[in-house]
Amino acid sequence: MHIFFKLPRPVDRPIESQFAILPILYRQPAGPAGRLNPSHPKVYLATLHHNAVLCDHCMDCIKGVWFRCVYCAKDLCDVCENLSPHAHDRTHFFYVFKAPEDAELDNLEGSPPVLNYPVYYL
């Protein structure tokens, strides 16, 4: 399984863990049903609906790409994440969900940080 991170700049410390960084949330198999259109690979992302997750900015169910902070329980849709990339803590970064998931299987509210150390020093 892949984990995508959205890193605003090069990290000051490598992202390493001896344990799994993310619990298993993806439905099997992850990715689009059928063939991906190689000339328009991002079209599939517009069809994603994360019904169990609300964007903390616009308060709508997240459609498309889902951004979740690695350190705090902050969820953003792709529209709100692009509105103000510096509105969130500059020492935090997001992991990115690009496939349907079973979020209801995991308690997302109040979940502990994925990493317990900073990768950015200000």
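Please go through the stretch 56-100 and pick out each residue that is acidic (D, E) and either touching a Gly at 6+ places or on another chain (Cβ under 7 Å) or assigned to a loop (DSSP other than H, G, I, E, B) (or both).
Pass one, the stretch 56-100, residues acidic (D, E): 56, 60, 75, 78, 81, 89.
D56, D60, D78, D89, listed by residue number.
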- Note on the structure: Residues in the stretch 54-87 that are within 18 Å of R9 (Cα to Cα) and modelled with pLDDT of 75 or more total 8
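Taking the residues in the stretch 2-30 that are in a loop (DSSP other than H, G, I, E, B) and under 15 Å from F67 (Cα atoms) as candidates, determine which candidate is modelled with the highest pLDDT. Working first, answer last.
Let us first name the residues in the stretch 2-30 that are in a loop (DSSP other than H, G, I, E, B), namely 2-3, 7-25, 27-30.
From the residues that got through so far, the ones that are under 15 Å from F67 (Cα atoms) too are 2-3, 7-8, 22, 25.
Working: H2: 60, I3: 67, L7: 82, P8: 79, L22: 64, L25: 60.
Checking each candidate, the answer is L7.
The values are calculated or read from the model by the stated rules, or taken from the named source; none is laboratory data. Remember, it's a predicted structure, so these values are computed and weren't measured experimentally. Quick reminder, even Gly has a Cβ in these numbers, built from the backbone with ideal geometry, and neighbours come from all protein chains shown.
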